[in-house]
Amino acid sequence: MTPLAQPAIAFGTVRHRRLRPVAHEFAARAFFLRLPLRRLARQPWPYRLLARNARARFALDDRDHGDGRPLLAWLEQLLVRAGVHDADGEAWLHCFPRMYGYVFNPVSFWFAERRDGALRAIVCEVNNTFGERHCYVLAHADGRPLAWGETLEARKAFHVSPFCAIAGGYRFRFHLAQRPDGGRFIARIEHTDDHGVLLQTSLSGRLEPLDDRRLARASWAYPLFTFGVIARIHWHALRLWLKGLPAHRKPAPPAGVLTSSLHESRADLQ
């Protein structure tokens, strides 16, 4: 099987660029996992270095996503609440794993397929540094599949950075392609407001089949990676503050746990 059809690990880059009112950008090396949750649930867990709800060098833990329930059960209920009832095919999770017992995922991506393999919905699961979590569900209201590379939109409803107000919206674009070297995944997110694009963020990586050898390679190449994620967030926040960017007071979290592109007139579902 190709890396697009099996569990994969991606080695790549996280990029972040602020356009205004002060310019600021950075890029950091990163790795992340691409996991077919239904397939993995039907077979014995195949990895020694990546544990499932247990301590290990790397781990995938239900507590790090959703509401702590088993991942598939949570995802299925979330999609039904968002109005998606036919995502009964594979469910792919793109995320950072726990590393030595710690992880912080600024955003995890869930790609929910129909039984025929068509991409039915995407869930962008966002965490902030205050321990809060919110999900943006992207899907077409008429039930047609999503296309790789198309632009998907959602209004912003969740506080992430003190240097951005809860205003405007997001534009998402996702690319998944087979290449001679295996595969390539790119997620691009733009935060827009009344004046245009404010922030540009991307996560990209070269996909390789997931196995213990490549997990060991990740631990050697990125020994403190998951600790570095939260450290970089605070370091760049300090740099923005030193540049004189005004901060916004943290608002109360939204009443609903998700924002869905299926229901523009009642986006926050209780």
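Data table
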quantity	calculated
Subset tally (residues that are in a loop (DSSP other than H, G, I, E, B), small (Gly, Ala, Ser) and in contact with a Pro (Cβ under 8 Å, 6 or more places away or on another chain)) for segment 235-251	1
Enumeration of residues in segment 17-35 that are buried (at least 19 other Cβ atoms within 10 Å of the Cβ) and within 18 Å of the chain's Cα centre (by Cα)	Ala30, Phe31, Phe32, Leu33, Arg34, Leu35
Some residue of segment 46-57 being at pLDDT below 95 and either surrounded by 13 or more Cβ atoms within 10 Å (Cβ to Cβ) or among the polar types (S, T, N, Q) (or both)	yes
Of the criteria (1) under 19 Å from the mean Cα position of the chain (by Cα); (2) modelled with pLDDT of 95 or more; (3) over 27 Å from Leu19 (Cα atoms), which one Gly183 fails	(2)
Residue match in segment 38-48 (condition: touching a strand residue (DSSP E or B) at 6+ places or on another chain (Cβ under 7 Å) and under 23 Å from Trp148 (Cβ atoms))	yes
Some residue of segment 181-198 being among the polar types (S, T, N, Q), farther than 29 Å from Thr2 by Cα and either touching a Leu at 6+ places or on another chain (Cβ under 9 Å) or touching a residue at least 12 places away in the same chain (Cβ under 8 Å) (or both)	yes
One residue from Ala218, Ala231, Ala255 being under 22 Å from Val107 (Cα atoms), in contact with a Phe, Trp or Tyr (Cβ under 6 Å, 6 or more places away or on another chain), not in a strand (DSSP E or B) and not hydroxyl-bearing (Ser, Thr, Tyr)	Ala218
Tally, over segment 10-58, of residues that are under 19 Å from Leu71 (Cα atoms), of a type in the set (A, V, I, L, M) and in a strand (DSSP E or B)	4
Residue within segment 66-86 that is out of contact with any Lys or Arg (no Cβ under 6 Å at 6 or more places or on another chain), farther than 28 Å from His159 by Cβ and basic (Lys, Arg) present	no
Qualifying residue in segment 98-110 (condition: on the phi > 0 side of the Ramachandran plot and in contact (Cβ under 8 Å) with a residue 12 or more places away in the chain)	yes
Test: residue in segment 62-72 that is surrounded by fewer than 22 Cβ atoms within 10 Å (Cβ to Cβ), of a type in the set (A, V, I, L, M) and not in a helix (DSSP H, G or I)	no
Qualifying residue in segment 76-91 (condition: in contact with a Phe, Trp or Tyr (Cβ under 7 Å, 6 or more places away or on another chain) and closer than 24 Å to Trp148 by Cα)	yes
Of all residues in segment 186-215 being crowded, with 16+ Cβ neighbours inside 10 Å and part of a loop (DSSP other than H, G, I, E, B), the one that is farthest from the chain's Cα centre (by Cα)	Asp211
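The values are calculated or read from the model by the stated rules, or taken from the named source; none is laboratory data. Because the structure is a prediction, the values reported are computed rather than measured. We place every Cβ from the backbone using ideal geometry, glycine too, and count neighbours over all the protein chains shown.
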